[in-house]
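Comments concern the structure below.
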Amino acid sequence: MTKLKAGIIGLGEVAQTVHLPILQQLSSKFEISALCDISVKLLERLGEQYRVGNLYTDAVELTKQEDLDVVFVLNSDEYHTDCVVAAAENKKHILVEKPMCLTLADADKIIEARDKNNVQVMVGYMRRFAPAFIEGVEEIKKMDKINYAKVRDIIGPNIMMIEQSHNVHRFNDIPESAMEDRWTRASNMVQEAIGDAPADIRNAYRLLCGLSSHDLSAMRELIGFPKQVVSAVQWNGGGYINAIFEHDGFYTSFETGVDQQRRFDAHLEVFGETKQVKIQYNTPYIRQLPTTLSIKETVGEAFEEREIRPTFKDAYVEELEYFYDVVTQGKTPKTTPEDFKEDLKLFNMIVEKLLETSNVVKQESL
């Protein structure tokens, strides 16, 4: 079996709790060969923990390491485009965590670099690789008619789950200039993406690109891209969003937000004439919590309820095994940069409706 040498850019929570342990678990397929982070103390700590000698504070320098086959881009999303393009230019295959980028122009840069250098770029939407989700897609295909669909993601802060289940290393040696650069980049990218919008709608856009990108990406695979955004509102400074989408012959409600509850409620539910299908997710920061598929169906005189747990295998494991096949077998990933562009288009449709709603409220208050 071919073993792929992997370089990891960004050693924060998701790297420490998910990617690094899984790559170590899949040691017959991947070898952790290089690490990169701007925190020198964190870099040295994880280099020692995973016995990695190639340590970088400059992501571009990591991508130049000749023996690397793949690069995992796990750092802050403002830097994803630069890292993906650098890795592609150095002939590395890439898995980039969501959101792949924040603007359509950056998505095009990534696609151009991928095609120019004949490498693969896969976006890390692990929820779409969960076996329960894949079975749910097939169940919905069997429906003659969809009457209604619901997409919900209301969660507490990830730190609430992480602090009870993991020992995540954090250090305070990140330069102030680096933090300022990050926020400046973020502001400029959001400005490019949605224009001169109020602060709360800018915050809502970041929520769409972050947490909500999982839900809306999965929704697109499950029931398709909506024909239009009928309505959308945000409140709590952009921390909550509710929207109604029109699909072909039915409508979908979408709700998302972050509170201070120590729980994770993310699900997609589709209602047909005689069957409803629900895919329920749990926090990815606690490994092996299963994604479940619930089916309620009227069959003749009977009403049946089934809950299916296809496997305890982590959705991230499924995703990384899929990525391995993409690289070693030339398989085309389903979560391509082109696929991610569809999410950016939908985010912009939602923002346009948020702006309309905001303007109406302002006019009514005059």
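Carbon and sulfur: what percent of the stretch 202-260's accessible surface (1.4 Å probe)? That fraction is 49 percent. Based on Cα contacts under 8 Å between residues 6+ apart, the chain shows a relative contact order of 19 percent.
Using a ≥ b ≥ c from the Cα gyration tensor of the stretch 39-84 (square roots of the eigenvalues), is it rounded, prolate or oblate, where a/c under 1.5 gives rounded and otherwise the larger of a/b and b/c decides, a/b for prolate? Oblate, since a/c reaches 1.5 and b/c is not below a/b. Charge dipole (Cα centre; +1 on Lys/Arg Cβ, -1 on Asp/Glu Cβ; no other charges) of the chain amounts to roughly 520 debye.
Beta bridges from DSSP with both residues in the chain: antiparallel share about 60 percent, rounded to the nearest 5. A Gaussian network model of the chain, with springs between Cα atoms under 10 Å, assigns the largest mean-square fluctuation among 288, 276, 260 to 260. Considering only Cα-Cα distances, which of the following residue pairs are longer than 19 Å: 278/345; 142/275; 29/92; 141/278; 141/341; 150/227? Beyond 19 Å: 278/345; 141/341.
Near residue 275, once Lys and Arg are set to +1 and Asp and Glu to -1 for all other residues with Cβ below 13 Å from its Cβ, the sum equals -2. Here the stretch 138-234 has an Rg and Dmax of 18.6, 58 Å, counting Cα atoms alone. With the convex hull drawn over the C-alpha atoms of the chain, the volume per residue is 153 Å³.
Taking θ as phi - 60° and the Karplus parameters 6.51, -1.76 and 1.60, the scalar couplings of the stretch 19-26 work out to 5, 5, x, 6, 4, 5, 4, 8 Hz in sequence order, x denoting glycine and proline. Within the accessible surface of the stretch 272-366, defined with a 1.4 Å probe on protein heavy atoms only, the carbon and sulfur portion equals 46 percent. Shape analysis of the stretch 169-309 yields a ratio of the Cα radius of gyration to the Kirkwood radius, Rg/Rh, of 1.06. 3J(HN,Hα) along the stretch 215-229: 5, 6, 5, 5, 4, 4, 5, 6, 9, x, 6, x, 6, 6, 8 Hz, from the Karplus curve 6.51 cos²θ - 1.76 cosθ + 1.60 with θ = phi - 60°, whole Hz, x for Gly and Pro. For the pair the stretch 239-268 and the stretch 65-80, the centres of their Cα atoms are 31 angstrom apart. The H on the amide N of residue 100, modeled in the peptide plane, is under 5 Å from the matching H of no residue at least 5 residues off or on a different chain. In a solvent-free Debye calculation with one equal scatterer on each Cα, what is log10 I(q)/I(0) for the stretch 228-315 at q = 0.15, 0.16, 0.24 Å⁻¹, listed in the order of the q values? The Debye formula, applied to the Cα set alone, gives -0.81, -0.89, -1.15.
Taking 0.36 nm per residue of separation and subtracting the current Cα-Cα distance, fully stretching the chain between residue 180 and residue 357 would add 60.5 nm. If you sort the three axes of the alpha carbon gyration tensor as a ≥ b ≥ c, you get a/c of 1.5 or more for the stretch 55-109 and a/b above b/c, which makes it prolate. Surface analysis of the chain yields an accessible area of 45 Å² per residue, using protein heavy atoms and a 1.4 Å probe. Measuring nothing but protein heavy atoms, the accessible surface of the stretch 48-90 at 1.4 Å probe radius is 40 percent carbon and sulfur. Normalised Debye scattering of the stretch 210-265 at q = 0.22, 0.25, 0.28 Å⁻¹ gives log10 I(q)/I(0) of -0.92, -1.09, -1.22, counting only Cα atoms as equal scatterers and leaving out solvent. Contact order for the stretch 1-132, expressed relative to its length and based on alpha carbon pairs under 8 Å spaced 6+ residues apart, stands at 22 percent. Could you tell me the distance between the Cα centroids of the stretch 294-335 and the stretch 205-233, to the nearest Å? What the calculation gives is 20 Å, centre to centre.
Rounded, prolate or oblate for the stretch 1-130? Axes are the square roots of the Cα gyration tensor eigenvalues, ordered a ≥ b ≥ c, and the cut-off for rounded is a/c under 1.5. It is rounded, given that a/c, with a ≥ b ≥ c, falls under 1.5. Across the stretch 285-366, Cα pairs under 8 Å and at least six residues apart give a relative contact order of 18 percent. Taken over the C-alpha atoms, the stretch 285-343 has Rg and Dmax values of 17.1, 50 angstrom.
Using bins of 5 Å that start at zero, the share of Cα-Cα pairs per bin across the stretch 96-146 amounts to 4, 16, 17, 15, 13, 12, 14, 7, 1, in whole %. In whole angstrom, note down how far apart the Cα centers of the stretch 18-38 and the stretch 81-101 are. Here the answer is 17 Å between Cα centres.
The values are calculated or read from the model by the stated rules, or taken from the named source; none is laboratory data. Just so it is clear, the structure is predicted and the values come from calculations on it, not from any experiment. With ideal geometry, Cβ positions are generated from the backbone for all residues, glycine too; neighbour counts draw on all protein chains shown. For accessibility, only protein heavy atoms count, side chains too; no ligands or nucleic acids. Shrake-Rupley method; radii C 1.70, N 1.55, O 1.52, S 1.80 Å.
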